[in-house]
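S.K.: Mind having a look at this structure? Questions to follow.
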Amino acid sequence: MESILFLLQSPAFIAFATGLGLKGIEKSGELISEGAVTWFSNLFIKNGEPKNNFQRYLDAPDNEANQNMMQAIIENSIEDNPESKQYLEEFFTTFSENKLIIKDSKNVNTGNVNTGGGDFSIGDTYGK
């Protein structure tokens, strides 16, 4: 199995985790099966809010201690319930292939921006 740390460092996974922490399950699970989102949420969400360890990761996803803590929680979960490994593999498949797609938003740039030294803004009233 691939390194869990690789997954935890993936920008696409961090975006998913942040979305889950801020918006809740129903807004974040569009790319992942309901079972995988439920498994992840049971580990890291309580009463609709991120658990302390998950919040620390969301606050600093590049922090090695936070990544190691998340890795330990995930590994313990799989050790306790080996069937959960399928959900972790689903996360690897989805986020290592960077299937994260932003859609239906006019305030997102998905390409390169070269203004030739001029101003650039996204959105209707950016910077006003």
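The values are calculated or read from the model by the stated rules, or taken from the named source; none is laboratory data. Quick caveat, the model's predicted, so the values are computed rather than measured. Every residue, glycine as well, gets a Cβ built from its backbone with ideal geometry; the counts of neighbours run over all protein chains shown. In case anyone asks, the SASA skips ligands and DNA or RNA and just uses the protein heavy atoms, side chains included. Shrake-Rupley method; radii C 1.70, N 1.55, O 1.52, S 1.80 Å.
S.K.: How about region 18-40: which of its residues are crowded, with 16+ Cβ neighbours inside 10 Å and at pLDDT 80 or above?
M.R.: ALA36, VAL37, TRP39, PHE40
S.K.: Still on this structure: So, of the residues in region 69-79 that are in contact (Cβ under 8 Å) with a residue 60 or more places away in the chain and in contact with a Leu (Cβ under 7 Å, 6 or more places away or on another chain), which turns out to be surrounded by the fewest Cβ atoms within 10 Å (Cβ to Cβ)?
M.R.: Across region 69-79, the extreme among qualifying residues is GLN71.
S.K.: Name the single residue, out of those in region 45-68 being of a type outside the set (Gly, Ala, Ser), open to solvent by 40 Å² or more (accessible area, probe 1.4 Å) and within 19 Å of SER3 (Cα to Cα), that is modelled with the lowest pLDDT.
M.R.: ASP62
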